[in-house]
Amino acid sequence: MDQSSIVFVFQLIIYALLGIAFVFTILPLFKVSFWIFRIGDFPRLQIAFVLLVVLIFLPLLHQINYFIITLEIVLTLCFAYQISRILPYTKFHSKQLQHSKENSRNDANIKILISNVLIENRESQKLLDHIEKENPDVILLAEVDDWWDDQMKEIKEDYPNFLCYPQDNAYGLNFYSKLETATLNQNFFVEDDIPSVEAEIILRSGDRITFYGLHPRPPVPSEHGESKERDAEILLVGEKVKKNDEPTIVAGDLNDVAWSATTALFQKVSGLLDARIGRGFYNSFHAKHRFLRMPLDHVFQSNHFRLVELKRLEAIGSDHFPIFIELSLESDAEVEQDEVEKTDRDQKEADEKIKKVE
């Protein structure tokens, strides 16, 4: 292949990347639930990287003219937009959830481990090793089938308060708690094969908190193909949280990224805080492909809590990394930390999304 052919092929690659990055920057701006419009919400970090590559190489492959200058301006705006969406999840942004003021761990703390185990994964010992090492108070597992449910039986002695709903559709959900639970319920907010967990947990200090565990269906062609069910389930929980006004935690594989419009709307509706803001991405998916990583597994908490520790654990054979978090319920936290605020427009948008599946 001669030099001109190599240049031509390289130009084709750059223009293909340009088109993909531009399309997946623009499509999510439309409030359409169909998967092709929502898929661009996910790889914003990857799209920003592709845009940067194109911005660098495009002028090197052509003589500078008005068309190239216009393209560079458009691509720069797209790049700036993508960076603006992911910037809050870096250390260049102020922290949304404060670090704990307590000098030592106490009875008002709660340690939580969440993990999408991947239904066909059979490396359960890796997860059990994490549980032994981290000693969480609460465990939430997604994609649990009968095999995984059986593997977890050995922890039930230490976690006597549990609710297990294994399924072979990749939406089985198991909840385990060392802490006493005043109530422990299973809900089907939107779809009758997509369970969630709602628990009132009593901390060792005697304080009571509400916990929701979720794993809604993703907007991908192999599933439903739309995001309206996922969005509605997340927002319905947000509505319940806001009505409660008690210390609350919402956790799970939400099949949505931290920086999506739906996640932002959920935070506004619920008022809950995200410990990742101002700290890092904590990308939990894809465990096996570094370039495809993004934050899909979440723990949101009300402003009654402060953060003790947040970390991503080592891989367990799943396509998701487990996430571990320790929170401290502190009496002055609510006064010093503002809830995420919503507008009437936000509430109207949430109501419309919920109404679509009612």
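Of the residues LEU52, LEU97, the single one that is without any contact (Cβ under 8 Å) to a residue 60 or more places away in the chain and hydrophobic (A, V, I, L, M, F, W, C) is LEU52.
Selection of region 238-261 for residues being open to solvent by 10 Å² or more (accessible area, probe 1.4 Å), polar (S, T, N, Q) and outside any loop (DSSP other than H, G, I, E, B) yields only ASN244.
For region 279-298, indicate whether the set of residues that are at pLDDT 95 or above, crowded, with 22+ Cβ neighbours inside 10 Å and in a helix (DSSP H, G or I) is non-empty. Checked against the condition, which is being at pLDDT 95 or above, crowded, with 22+ Cβ neighbours inside 10 Å and in a helix (DSSP H, G or I), region 279-298 yields no hits at all.
Do the conditions hold for GLN337, that is, is it under 28 Å from VAL117 (Cβ atoms), buried (at least 18 other Cβ atoms within 10 Å of the Cβ) and not hydrophobic (A, V, I, L, M, F, W, C)? Answer is no for this residue.
Among the residues of region 208-225, some residue qualifies, meaning at least one is crowded, with 21+ Cβ neighbours inside 10 Å and among the β-branched types (Val, Ile, Thr).
Within region 185-205, the set of residues being surrounded by fewer than 16 Cβ atoms within 10 Å (Cβ to Cβ) and not in a strand (DSSP E or B) comprises PHE188, ASP192, ASP193, ARG204, SER205. All conditions but one from (1) more than 30 Å from TYR89 (Cα to Cα); (2) open to solvent by 40 Å² or more (accessible area, probe 1.4 Å); (3) among the aliphatic types (A, V, I, L, M) apply to LEU179; the one that does not is (2).
Residue pairs whose Cβ atoms lie under 8 Å apart, separated by 6 or more positions or on different chains, with the first residue in region 343-355 and more than 15 Å from GLU229 (Cβ to Cβ) and the second in a helix (DSSP H, G or I), are THR343/LYS268; ASP346/LEU265; ASP346/LYS268; ASP346/VAL269; GLN347/VAL269; GLU349/LEU265. Filtering region 157-176 to residues that are in a loop (DSSP other than H, G, I, E, B), closer than 15 Å to LEU113 by Cα and open to solvent by 10 Å² or more (accessible area, probe 1.4 Å) leaves only ASP158.
The set of residues in region 307-349 being basic (Lys, Arg) and under 19 Å from ASN244 (Cα atoms) consists of LYS342 alone.
Taking the criterion of being in contact (Cβ under 8 Å) with a residue 12 or more places away in the chain and out of contact with any strand residue (DSSP E or B) (no Cβ under 9 Å at 6 or more places or on another chain), the residues of region 120-139 that qualify are ASN121, ARG122, GLU123, SER124, LYS126, LEU128.
I'd like to know if region 79-91 contains one or more residues that are open to solvent by 80 Å² or more (accessible area, probe 1.4 Å) and free of Cβ contacts under 8 Å to residues at least 12 places away in the same chain.
First, pick out the residues of region 79-91 that are open to solvent by 80 Å² or more (accessible area, probe 1.4 Å): 91.
Of the ones still in play, those that are also free of Cβ contacts under 8 Å to residues at least 12 places away in the same chain are none.
Scanning region 79-91, I find no residue that is open to solvent by 80 Å² or more (accessible area, probe 1.4 Å) and free of Cβ contacts under 8 Å to residues at least 12 places away in the same chain, so the answer is no.
The values are calculated or read from the model by the stated rules, or taken from the named source; none is laboratory data. Just so we're clear, the structure is a prediction, and the values are computed from it rather than from any experiment. Glycine also receives a Cβ, built like all others from the backbone with ideal geometry; neighbour counts cover every protein chain displayed. For accessibility, only protein heavy atoms count, side chains too; no ligands or nucleic acids. Shrake-Rupley method; radii C 1.70, N 1.55, O 1.52, S 1.80 Å.
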